[in-house]
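**Student:** Take a look at this one; I'll ask things after.
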Amino acid sequence: MMYILEKKKVEQVLSAWNKAFDVYAPQKVENYTQFLPFEKTKTVALNHAHNTRYPPKALFFPQSEIMLKYNSRLGRFEESGSKTKPMLIFGVRPCDAMAFSLMDTVFLSEDYVDPYWKAKREDSIVIGFGCSTPPQTCFCTTVGGAPFSHTGLDAILTDLDKAFSVQVLTNKAENLFKNLPPATEDQINEVKKIQRKATESMAPAFQTSGLKQKLDLIFESPYWETIAESCLGCGICTYLCPTCFCFDIVDEIQRKERIRNWDTCMFRIYSQEASGHNPRPSNKERTRQRLMHKYSYWLDHIGEIGCTGCGRCVCYCPVGLDIRAMLQTASEYESEVARA
Amino acid sequence: MHDNGHNPYKPMPMHVVRAYYESNDRSLKTLELVFDRKADQIEFFEKFNPGQFCQLSIFGKGEAPFGVASAAWEGDFVRFTIQKLGSFTQYAHTLQAGDPIGMRGPLGNGFPLEAWKGKTLVIIGGGCAFSTLYALTKHVHHPQNRPDYDQLIVVYGARTSGLCMYKHDIQSWHQRDDMQIHQAIDVPEEDWSHHVGYVPDVVKEVAPSPKNAVAIVCGPPIMTKFTLPVLVELGFSPESIFTSLEKRMKCGIGKCGRCNIGSKYICKDGPVFSLKELQELPDDI
Ligand SMILES: Cc1cc2nc3c(=O)[nH]c(=O)nc-3n(C[C@H](O)[C@H](O)[C@H](O)COP(=O)(O)OP(=O)(O)OC[C@H]3O[C@@H](n4cnc5c(N)ncnc54)[C@H](O)[C@@H]3O)c2cc1C
Ligand code: SF4
Ligand code: SF4
Ligand code: FES
């Protein structure tokens with residue numbers, strides 16, 4: 001079912017939802033946008049072509065999260081986190097919604113369910129915002145996504161200038177929108193046109209066929225030295241990545257809390273071992289781990305690439321390292337070796 | 001699946017029931033823990049398999065992984081032998097009988113005991129990594145389990161006799177007629193009647209036959225590194241050699257990413273791997 005939501009009504013609609021949900025929406029913060037509680041500012045910024053800088057994964061997997069509170073060193077403890085209302089996230093880009101689905105395969109895997117992710121994610125509603133004019137740094141179509149992909153979404157908006165069309169994708173979302181006017185035949189055709197145009201505007205960013213095999217093959221090659229040469233090891237590419245899920249667990253002694261913090265394979269200390277041995281001693285091995293994890297090991301695990309093409313690592317790397325270029329070089333690297 | 005009240009990060013409340021030094025230099029201390037809750041105990045022993053490990057938890061000090069050093073039939077306790085290194089293990093060494101401690105587990109795959117049925121077990125260990133091999137040997141010793149395996153051959157090396165763990169028990173193994181035990185120390189000492197030399201050399205000397213046998217090697221990286229070629233030379237195939245990896249770990253349940261090597265998470269897919277499986281992983285160890 002497709003409905004029409006007038007832009008000037010968005011804030012009114014979100015205010016109404018706020019009674020039953022904790023509503024989050026992108027809002028302007030300095031020169032960027034970020035998902036924040038709608039409650040606080042009552043504003044929504046859906047006029048930016050670019051994605052939010054800070055990934056919405058933080059809503060289900062906060063950068064720092066209390067796991068347990070304890071009273072004494074060895075004694076009793078309580079579990080933290082009592083959520084009151086389900087979350088409704090409004091305006092999530094399809095690449096980030098796809099990332100939620102990828103993260104589900106880690107945190108909700110059959111053997112061990114992560115209770116912190118589950119509590120927030122389980123009854124959440126994700127309303128997507130499709131990309132009519134994908135920026136040059138995006139490459140979702142190269143990695144199995146699309147600017148109007150439905151994966152991980154309950155509904156998806158398309159920008160029709162003065163209004164949004166709302167395609168409802170799940171029963172959960174139907175209730176939210178059923179009082180809005182339905183889209184007309186013309187509007188439905190217009191939406192189709194916008195979506196097709198957006199998808200067609202995105203050329204393949206690099207060669208993915210056989211890429212995993214090539215990466216596995218060149219694991220030990222000098223290729224990695226050259227591509228990681230200028231990397232500062234700052235970890236921004238992993239912190240801002242919507243599919244990076246590594247975390248550290250530490251006890252905060254002052255606050256008597258066991259917490260988890262986002263971690264990154266781009267830091268030396270991450271893989272530093274007891275004996276002084278470090279299997280990933282330089283940026284070369286660490287960059288290799290980042291790329292191999294996303295473009296090889298994820299495929300081993302679930303048969304899908306662990307990158308959604310959101311372009312954050314491309315936009316925000318301080319030295320301009322571009323994962324697309326690195327992967328393109330990798331896919332060509334083997335043929336050079338073969339020729340030599 | 002072990003979710004301890006649906007939160008696998010929540011330690012089970014335990015108490016130390018026995019604490020004693022394992023080595024004369026006091027660098028190794030054994031803690032035997034009992035469960036505060038009967039339900040935890042039942043669940044633990046339903047799942048436990050030698051070769052698995054647990055995360056011990058001390059609030060304020062954090063968590064650290066340790067291999068289980070006891071077999072289920074020994075009693076309602078779980079044994080760990082802890083080498084004093086940094087902040088967690090130093091604190092663990094101050095614990096005494098009656099002290100509380102947290103524990104998560106059992107974690108990891110453990111030894112593939114089913115697949116080893118009917119085979120000769122060649123157990124080779126050195127240093128404190130012998131702890132899980134001790135659990136394995138104890139498991140096999142049980143009259144109900146012993147007929148499941150052919151010969152039982154143990155090679156155990158320590159730097160000095162003072163560093164030999166589980167001394168009294170291992171002393172009694174020399175009298176058993178259902179196993180061979182070859183103990184070694186690095187340099188000669190008075191009153192030492194067993195082997196003198198490094199573990200790889202002792203293995204060469206003992207020369208266990210690879211026929212219908214598996215070899216399980218756990219020890220310091222240097223010991224493992226030099227023992228593997230000896231086994232290969234004796235004719236053991238990569239499929240019949242097993243070892244346990246000690247990677248840095250945090251969550252222990254395949255979530256935090258820390259122990260990832262190639263397509264594996266060592267905490268969840270390991271820590272026990274065959275040499276063949278290790279050879280198939282990228283050289284990132
Ligand atoms: C599966 C597994 C089973 C283990 N079984 C045992 C066991 O049976 N007995 C035992 O004594 N130890 C065992 N270990 C090692 C034990 O976990 C570490 O010694 C412990 O985490 C050190 O904690 P710490 O706070 O005292 O040291 P830290 O303050 O963290 O560090 C002290 C020193 O130990 C090193 N270190 C830190 N973490 C580890 C680690 N995970 N492995 C090795 N060195 C580390 C540091 O680099 C430093 O040099 C095992 C490790 C794993 C992964
Ligand atoms: S690797 Fe880069 S482009 Fe891919 S999902 Fe992560 S941040 Fe986005
Ligand atoms: S953001 Fe760029 S410089 Fe920083 S770690 Fe990633 S690749 Fe290296
Ligand atoms: S220790 Fe967290 S994934 Fe293995």
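**Student:** Anything losing 40 Å² or more of accessible area from the isolated chain to the full protein assembly: pick those residues out of segment A:105-137, probe 1.4 Å, ligands and DNA/RNA ignored.
**Tutor:** A:Asp111, A:Tyr112, A:Pro115
**Student:** Mind listing which trypsin sites (Lys or Arg not before Pro) in segment A:151-190 are in a DSSP loop and have 12 or fewer other Cβ atoms within 10 Å?
**Tutor:** Taking segment A:151-190 and a limit of 12 other Cβ atoms within 10 Å, the loop trypsin sites (Lys or Arg not before Pro) found are A:Lys162, A:Lys178.
**Student:** Report the trypsin sites (Lys or Arg not before Pro) located in segment A:270-325 that are in a DSSP loop and have at most 11 other Cβ atoms inside 10 Å of their Cβ, or state none.
**Tutor:** none
**Student:** With the crude spin-label approximation of a point 7 Å out along Cα→Cβ, what separation in nm comes out for A:Asn175 versus B:Thr94?
**Tutor:** Rounded to a tenth, the inter-label distance reads 5.4 nm.
**Student:** With a ≥ b ≥ c taken as the square roots of the eigenvalues of the C-alpha gyration tensor of chain A, please select rounded if a/c is under 1.5 and otherwise prolate if a/b is larger than b/c or oblate if it is not?
**Tutor:** Oblate, because a/c is 1.5 or more while a/b does not exceed b/c.
**Student:** Between 0 and 90 degrees, rounded to the nearest ten: what's the tilt of helix B:38-47 against the longest Cα principal axis of chain B?
**Tutor:** So the inclination is approximately 30 degrees.
**Student:** Separate question: Could you state the angle between the C-alpha long axis of helix B:221-234 and the longest principal axis of the C-alpha atoms of chain B, as a value from 0 to 90 degrees rounded to the nearest 10?
**Tutor:** Approximately 40 degrees, to the nearest 10.
**Student:** Which of B:Ser240, B:Val206, B:Ile123 sits farthest toward the positive end of the charge dipole of segment B:113-244, with +1 on the Cβ of Lys and Arg and -1 on the Cβ of Asp and Glu?
**Tutor:** Checked the options; the winner is B:Ser240.
**Student:** Under unit Cβ charges (Lys, Arg +1; Asp, Glu -1), what dipole magnitude, rounded to 20 debye, does segment B:12-106 have relative to its Cα centre? Intermediate values should be presented prior to the final figure.
**Tutor:** On the way: 10 positive and 11 negative charges, 44 e Å.
Computed about the Cα centre, the dipole is about 220 debye.
**Student:** Further question: For B:Val17, enumerate residues with amide H under 5 Å from its amide H, sequence gap 5+ or separate chain, H modeled in the peptide plane.
**Tutor:** When sequence neighbours closer than 5 places are left aside, the close amide H contacts are B:Glu32, B:Leu33, B:Val34, B:Gly98.
**Student:** Once amide H atoms are placed 1.01 Å from N in the peptide plane, what residues at a sequence separation of 5 or more from A:Leu36, or on another chain, have their amide H within under 5 Å of its amide H?
**Tutor:** The answer is A:Ala25, A:Gln27.
**Student:** Angle, helix B:130-141 long axis vs. longest principal axis of chain B, Cα atoms, 0 to 90°, nearest 10?
**Tutor:** Roughly 80 degrees between the two axes.
**Student:** Let me ask something additional. Tell me the carbon and sulfur percent of the accessible area for segment A:211-339, rounded to whole percent, probe radius 1.4 Å.
**Tutor:** C and S fraction of accessible area: 53 percent.
**Student:** With the solvent-accessible surface defined on protein heavy atoms using a 1.4 Å probe, which residues belonging to segment B:38-79 display a reduction of at least 10 Å² in accessible area in the multichain context relative to the isolated chain?
**Tutor:** At a threshold of 10 Å² (probe 1.4 Å), the residues of segment B:38-79 that become less exposed are B:Ile58, B:Phe59, B:Gly60, B:Lys61, B:Gly62, B:Glu63.
**Student:** Still on this structure, I have one more. Could you give the dipole magnitude of segment A:180-302 about its Cα centre, charging the beta-carbon of Lys and Arg +1 and that of Asp and Glu -1, in debye to the nearest 20?
**Tutor:** Details: 17 positive and 16 negative charges, 9 e Å.
Dipole magnitude for segment A:180-302 comes out near 40 debye.
**Student:** On to the next question. Apply the Karplus curve 6.51 cos²θ - 1.76 cosθ + 1.60, θ = phi - 60°, to the phi angles in segment B:260-270 and return the couplings in whole Hz, x for Gly and Pro.
**Tutor:** 5, 9, x, 7, 10, 9, 4, 5, 10, 7, x
**Student:** Please express the shape of chain B as an equivalent ellipsoid: the semi-axes are the square roots of 5 times the eigenvalues of the C-alpha gyration tensor, given largest first in whole angstrom.
**Tutor:** In descending order, the three semi-axes are 29, 22, 19 Å.
**Student:** Starting from the 7 Å offset along Cα-to-Cβ, what nm value, one decimal, do you get for the label separation of B:Asp178 and A:Met1?
**Tutor:** Between B:Asp178 and A:Met1, the simple spin-label model gives 7.0 nm.
**Student:** OK, next. At 1.4 Å probe radius, can you tell me the per residue accessible area of segment B:113-244 in Å²?
**Tutor:** Using a 1.4 Å probe on heavy atoms only, each residue of segment B:113-244 averages 45 Å².
**Student:** Right, here's the next one. At A:Asp161 and B:Ile285, where each label point lies 7 Å from the Cα along Cα→Cβ, what is the point-to-point distance in nanometres?
**Tutor:** Result for the modelled spin labels: 6.4 nm.
**Student:** Which ³J(HN,Hα) values, rounded to whole Hz and listed in residue order, are derived for segment A:47-58 from phi using the Karplus coefficients 6.51, -1.76 and 1.60 in 6.51 cos²θ - 1.76 cosθ + 1.60 with θ = phi - 60°, glycine and proline given as x?
**Tutor:** 3J(HN,Hα) across segment A:47-58, in whole Hz: 9, 9, 5, 6, 6, 5, 6, 7, x, x, 4, 4.
**Student:** To continue, here is another question. How much length is gained on full extension from A:Thr184 to A:His48, taking 0.36 nm per residue of separation minus their Cα-Cα distance?
**Tutor:** Result: 46.3 nm gained on full extension.
**Student:** Can you work out the Karplus-derived ³J(HN,Hα) for every residue in segment B:63-78? Use 6.51 cos²θ - 1.76 cosθ + 1.60 with θ = phi - 60°, whole Hz, and x for glycine or proline.
**Tutor:** Listing the rounded values in order: 10, 8, x, 9, x, 6, 10, 10, 9, 4, 6, 5, x, 7, 10, 10 Hz.
**Student:** Rounded to the nearest 100 Å², what's the accessible area chains A and B bury against each other, both chains counted, probe 1.4 Å?
**Tutor:** Working: alone 17270 and 13350 Å², together 26860 Å².
Between A and B, the summed buried area is about 3800 Å².
**Student:** OK, next. Measuring from centroid to centroid over Cα atoms, what is the spacing of segment A:159-221 and segment B:140-208 in Å?
**Tutor:** Their Cα centres are 65 Å away from one another.
**Student:** Of the heavy-atom accessible surface of chain B (probe 1.4 angstrom), what whole percent is carbon and sulfur?
**Tutor:** 50 percent
**Student:** Divide by every residue of the protein assembly as shown the summed helix terms, -39500 (n - 2.57) for each DSSP H run of at least 4, and state the resulting mean residue ellipticity at 222 nm, rounded to the nearest 500 deg cm²/dmol.
**Tutor:** Calculated mean residue ellipticity at 222 nm is -8000 deg cm²/dmol.
The values are calculated or read from the model by the stated rules, or taken from the named source; none is laboratory data. These numbers come from a predicted model, not from an experiment. All Cβ positions, even for glycine, are placed from backbone atoms using ideal geometry, and neighbour counts span all protein chains on display. Remember, those area values only see protein heavy atoms, side chains included, never the ligands or the DNA or RNA. Shrake-Rupley method; radii C 1.70, N 1.55, O 1.52, S 1.80 Å.
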